[in-house]
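What follows is a single structure, written as structure tokens, with notes after it.
Just so it is clear, none of the values below were taken in a lab; they were calculated from the coordinates. Because the structure is predicted, anything quoted here is derived from the model rather than measured. Positions of Cβ are generated from backbone atoms using ideal geometry, with glycine treated the same way; all protein chains shown enter the neighbour counts.
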Amino acid sequence: MSADVELQNVSVSFGNFYAAKNVSVKIEKGEFFSFLGPSGCGKTTLLRAISGFSEPSDGKILIGNQDMAGIGPNKRPTSLIFQNLALFPLMSVADNIAFSLEVRGTGKVQRRKRADELLELVALTGQGDKKVHELSGGQRQRVAIARALAIEPEVLLLDEPLSALDLKLRQKMRIELREIQKRVGITFIYITHDQGEALTMSDRIAVMNQGELEQIGSCHNVYESPCTPFVATFVGENNAFYGTVSAVDGDMVNVSADGNNFSAKAGDLGEGKKYTFKKGDKVIMFVRPESIFLKDQNNQADNVFTADFKAIEFEGNLKNIYMSINGKQNVRCSVSNAVDTTVLSNSKNVELKFSSRDAVVLPVGPLAVD
Amino acid sequence: MNYFFNKNGPLISTYLIIAISFWLVFLIIIPQLYMFDLSFRPNIPPLLRGGPDDVYTLTHYKHFLFGSETSGESYNYVDVGVFRDTILIAVLITLINLCFCYPIAFYIAKVASPNTARLLIVSLIIPFWINELLRSFALRILFAGEGFINNVLLKLGLIDNGINFIAMDVALYTGLNYAYILLMIFPLYNAMETLDKNQLEAAEDLGSSMLKTHFRIVIPHAKAGIASGCTMVFMLTAGALATPVVLSSPNTFWFTQLIYQWFNMNDNWPRGAAYSVVLLSVSVVFVLLMMKIFKVKIGEIVR
């Protein structure tokens, strides 16, 4: 069984402070949905409101079309995986997993059977008699998932459960989580500040900032067509060129910035609409570092400009080249490690290019600060 | 030992060793050994001590169990009875104390906001600035025949005649319960404080009722604190003197009052010592038994 979750104008306030403000979203049955945002953006508050640990001060939460107002966490068809997992250290792994059955009065034999089934689901067969502290970080993670699934929830809520793991394990668990979700077929609502996690696992992402939803969309949609400067800079890396609109031709906008004249597409406003600009508007044009190429690279590009080389950073698979235009406008370009960049390191003028299809123009607004 | 000195420096190390040894040897081991030895000696005038009559004897323990040699009873039902009642009531009071303090400790540790918690702790501590004897007398004033409680009940018309709380030992049990609550609340609070709040929420999220969460999560976590609090309250209640002297009914004797009588009124120190040894050993055995039953180790208690 799986249920959809609908938030209707949900606000959660603590005194005068709004941790979540007027959030409306419909999460479909069986969807892997992520709330992505920096710490303090209100995503955990929303998760606690969905799970029933706090009541929204305004608005409604519907799970499977049923209003959840006044229904406690132990009566909701949701199950929450805590950031620190909150496994019970004094119980065996099997007892942890079957705890929800124990408190419902299920018999011992039945409980053990269900625990063993779930251990198999999360690839921990035969580990039921161990204590929690005898397991590795990744194994504990799986116990927490199994425990949460034991009550057969319709919605599984995950509060940054991977944040305590090291990088390799995190990457492995992302794939496993996704696979478990497909196997059990229930709705997953995932909270994270890690855009990599959100992009790799989710069907859709909601980007949040200061308690408000900035954008909801598929991973591609959010990454390629950000609706706000915040989303453009929070999800992935971006170059922000501050400039002025010099001409508008349908969806294409000409932006003059620091002596260059660029052509770019107008950004999405959401719901299929695009921003409309007029000549003289102050705007920001966003171009991703991986969409900017060196001039001699074999890619199509209709925008060409030059910048002064500053530094190069080795990241393993990628190299980040840092440059600036007139010493003011910083430009970052990421190229594959295979690209020869030796010639750059002593050149003053680096010739660069990008396609207008890869550049997005948005009205001026706050960026995500690191 | 070398490590200990290197770690703490010569000054602090010497101080620690001297202070702890003094505490252990002079305040605990020597007096208790002396008391133990005394309990096996006859009650003879100082002049005869060390003489031919000063031989080890079980006479005082015999007296505790069977009474004076001239009595016709099969056992010393007065003293043994007082002893039995003291232990049983001390157990009962420990349990009541636990039930009473558990919710308070839990509230302070896991529910109250930090400010409320501080306020509650302070208001628990302040009454204990007043000496135990005075607190007992205060309760006596409250519970007296024409005391505050009776007066209020009479004024409200709830009763026609004053209730004799003292004779019913209501005052005694209240006083004993109240006397050591801090020694119950603080170990419980300490143990509960370390419980991750997410565990409570996880249990609730998994469908557990509040009662089940307490039995499956909170109590197992706080077991050592519960054992520690119960041990202290039981020991101190069984060994209390001031409260029973002030608050017990004329017909109720606390075992410590008997000990006091042998030492002070009957001037029979060896017998008083024997009675003390009985109380101490039964209390210790009782506590060890409880620890065995609840599978708590001594190291956990002092944690």
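Quick look at the numbers
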quantity	calculated
Other protein chain Cβ atoms within 10 Å, averaged over every residue that makes up A:147-158	1
Region B:53-132 versus region B:154-200: alpha-carbon centroid distance in Å	14 Å
Rg/Rg_ref, region B:220-303, where Rg_ref = 2.2 N^0.38 Å and atoms are Cα	1.32
Estimated FRET transfer efficiency (A:Ala338, A:Asp166; beta-carbon r; R0 35 Å; 0.05)	0.80
Size of region B:185-227 as Cα extents on the principal axes (Å, biggest first)	29, 16, 13
Trypsin sites (Lys or Arg not before Pro) restricted to DSSP loop in region A:181-286 with at most 16 other C-beta within 10 Å	A:Lys278, A:Lys279
Shielding of A:44-56 by partner chains, average beta-carbon count, 10 Å	1
Relative contact order (percent, whole number), region A:105-238, Cα cutoff 8 Å, 6+ residue spacing	15 percent
Value in Å of the Kirkwood radius, where chain A supplies the Cα pairs that are averaged	22.9 Å
Helix runs (DSSP H) in chain B reaching 30 Å along axis by Cα, Kyte-Doolittle at least -1.0	B:77-106, B:269-293
For q = 0.16 Å⁻¹, Debye-computed log10 I/I(0) when each Cα of region B:28-124 counts as one equal scatterer	-0.86
Most to least packed among A:352-359, A:300-307 [average Cβ atoms within 10 Å]	A:352-359, A:300-307
Dmax and Rg, reported as Rg then Dmax, of region A:230-269 (C-alpha, Å)	11.2, 29
Residue exposure sequence - B:Trp129, B:Trp254 - by fewest surrounding Cβ within 10 Å	B:Trp129, B:Trp254
Per residue, the convex hull volume that the Cα atoms of region A:1-154 enclose (Å³)	131 Å³
Calculated SAXS-style log₁₀ I(q)/I(0) at q = 0.13, 0.15, 0.16 Å⁻¹ - chain B, Debye, Cα scatterers	-1.14, -1.29, -1.34
Stretch in chain B that is longest and holds no GluC sites (Glu not before Pro) that DSSP places in a loop and that have at most 11 other beta carbons within 10 Å	B:147-303
Mean separation of Cα contacts under 8 Å (6+ apart) over length of chain B, as relative contact order %	24 percent
Shielding by other protein chains, A:96-108, mean Cβ within 10 Å	3
Per residue Cα convex hull volume in Å³ - calculated over region A:224-370	113 Å³
DSSP-loop trypsin sites (Lys or Arg not before Pro) across region B:1-93, with at most 16 other Cβ within 10 angstrom	B:Arg49
q = 0.20, 0.27 Å⁻¹: log10 I(q)/I(0) that the Debye formula gives for region B:148-227, counting C-alpha atoms only	-0.86, -1.20
Kirkwood Rh, Cα atoms: Rg over Rh of region A:88-185	0.95
Bridge type composition, chain A - antiparallel percent by DSSP, nearest 5	75 percent
Reciprocal of mean inverse Cα separation for the protein assembly as shown (Kirkwood radius, Å)	32.1 Å
Residues B:Val55, A:Val339, A:Val283, sorted so that the one with the fewest Cβ neighbours within 10 Å comes first	B:Val55, A:Val339, A:Val283
Lysine pairs meeting the criterion (Cα under 20 Å, 8 or more apart or interchain), as found in chain B	9
Hull volume in cubic angstrom per residue (convex hull over the Cα atoms of region A:173-294)	133 Å³
DSSP-loop trypsin sites (Lys or Arg not before Pro) across region A:112-143, with at most 16 other Cβ within 10 angstrom	A:Lys130
Degrees between helix A:167-184 axis and first principal axis of chain A (Cα, 0 to 90, nearest 10)	60 degrees
Chain A, relative contact order in percent, only Cα pairs under 8 angstrom and at least six apart counted	15 percent
Under 26 Å from the Cα of A:Lys60 - lysines, other chains or at least 8 residues apart	A:Lys21, A:Lys26, A:Lys29, A:Lys43, A:Lys75
Least to most buried among A:Glu31, A:Glu120, A:Glu224 (fewest other Cβ within 10 Å first)	A:Glu120, A:Glu224, A:Glu31
Of every Cα-Cα pair in region B:132-287, the percent that sits beyond 24 Å	55 percent
Radius, Kirkwood style, for region A:244-320 when every pair of distinct Cα atoms is counted (Å)	14.6 Å
GNM flexibility winner over chain B from B:Val78, B:Val122, B:Val246 (Cα, springs under 10 Å)	B:Val122
Added length on full extension, which subtracts the Cα-Cα distance from 0.36 nm per residue, A:Lys328 to A:Arg104	74.1 nm
